[in-house]
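The block underneath contains the structure these notes are about, expressed in structure tokens.
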Amino acid sequence: MEVKTPKYIVKPADDKPSFVKKHWVIFSVLGLTVLTFLIGRYSHFDVLQAFKGQKQTWAEINQQLSESNEMNQKTISLLKTEVNIKEQAIKELQKNIMTMGDENATLKADVAFYENLLSHKDQIKKLRVFEVAARPVKDLVLLKVVLAQKLEKAQVVKGKLALKLKGIQDDGGKEIDLVKQFKLNDGFEFKYFQIKKYTISLPKGFNPTTLLVELKVKSKQVFSEQFQWSEFIKKSTLELTE
């Protein structure tokens, strides 16, 4: 009996790759990703901290600028207020200076008037028209009549006055009762003197010549004086706009 020897064929064993070797690409990518993340995170940590610090610094600077701007606005407002106050003060000062000038001129006129009145004290023995003055202003005439009486032992005198302006119109004589025509205040009451002021207008074509002033007191006495228009219309010793 023939014994057959078994035949064996030797083949190299197939090496199966491990799980890691099989997926080494994936693990490599993951490792590289983690490494990149870690490197990126920790390498930029200082930069982020620096950026945060810079951001805080900018915020502080912005706050300081805002506060400084607010202070500047307040300073500008105060300066504007100060300028307005100074301008107003200057205007008031100028106004006061003008007023003082006007008052000074008025006082001088009053002094001149009183000096003139006192200088005639010997001539004023009774009630009389001390002075008449007039000044044209556009279509009007400002008229002032000064009444006076003796200064020594004077008593209060009361009465009414009449103003009659005589002149020529249309080649004929004409008389105008000023009190009646313009409804003037004709009453007077004083101890030493009184100033009466009136505003009148002249008719067109009327040329005044004289003004008759009559003073009627309660004792039924009448004191009359007549003044030439051409003379007292030019007088400037009395301020008519007081």
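The values are calculated or read from the model by the stated rules, or taken from the named source; none is laboratory data. All values derive from a computational prediction rather than experimental measurement. Don't worry about glycine lacking a Cβ; one is built from the backbone with ideal geometry, like all the others, and counts go over all protein chains shown.
Quick notes on this structure:
- Restricting attention to segment 193-220 and to residues that are in contact (Cβ under 8 Å) with a residue 60 or more places away in the chain and either over 28 Å from Q155 (Cα atoms) or surrounded by 12 or more Cβ atoms within 10 Å (Cβ to Cβ) (or both), the residue that is farthest from the chain's Cα centre (by Cα) turns out to be V217.
- Lone unmet requirement of (1) under 48 Å from the mean Cα position of the chain (by Cα); (2) modelled with pLDDT of 90 or more; (3) surrounded by 12 or more Cβ atoms within 10 Å (Cβ to Cβ) for I168: (1)
- Residues of segment 161-202 that are touching a Lys or Arg at 6+ places or on another chain (Cβ under 8 Å) and assigned to a loop (DSSP other than H, G, I, E, B): N185, D186.
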